[in-house]
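Data block below; observations after.
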Amino acid sequence: MKVREILAVKGNALFTVSPAATLKEAVATMMQEDIGSLVVFDGGRLVGLLTFREALKAIAQAGAAWEQRPVRETMLEAPMTVSPDTEVEPLREQMVRVHQRYFPVMDGETLLGVVSFHDVAKAVLEEQSFENRALKAFIKGIQDEEASC
């Protein structure tokens, strides 16, 4: 299974933020859209990723002043990205290895979406469930053939 298949199921909604936006604005967007990350774009290119983890860390550090803190001071700079043709299994391993739960999906300089660890886990479970059902049907077919002989 490839990342493009996950994006096809998720849909094509894209949520980005400017590095000059305030953390308050970014968190409000994340809450309103029920998303765990925002891709940070500046001048048409990806420069960072803001996730709930970075936001919570900034809130804890900045205290009452967190609302005015710029996204650029909070974001993960130069996050790892994946292409739509990336296979899911190596991506899952990479997510665990580098502790990055969200990966922007880029086709060259074009943002196609974001895949999360949850998206990847769900896709793997669905694929395994399908394979399990197919294997059971195959075994049942063999047993039915043997019983009729």
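The values are calculated or read from the model by the stated rules, or taken from the named source; none is laboratory data. Values in this document were obtained by computation on a predicted structure and should not be read as measured data. Just so you know, the surface numbers come from the protein's heavy atoms only, side chains and all, with ligands and any DNA or RNA stripped out. Shrake-Rupley method; radii C 1.70, N 1.55, O 1.52, S 1.80 Å.
Overview of results
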read-out	value
Along each principal axis, Cα extent of the range 1-56, largest first, Å	36, 25, 17
Rg/Rh (Cα only; Kirkwood hydrodynamic radius) as it applies to the range 1-102	0.99
Solvent exposure, largest accessible area first (probe 1.4 Å, DNA, RNA and ligands not counted), of MET1, MET31, MET75	MET31, MET1, MET75
Per principal axis, descending, Cα span of the range 71-130 in whole Å	43, 23, 16
Accessible carbon and sulfur surface of the chain relative to its total accessible area, %, 1.4 Å	54 percent
Relative contact order %, the range 62-131, counting alpha carbon pairs below 8 Å whose residues are six or more apart	25 percent
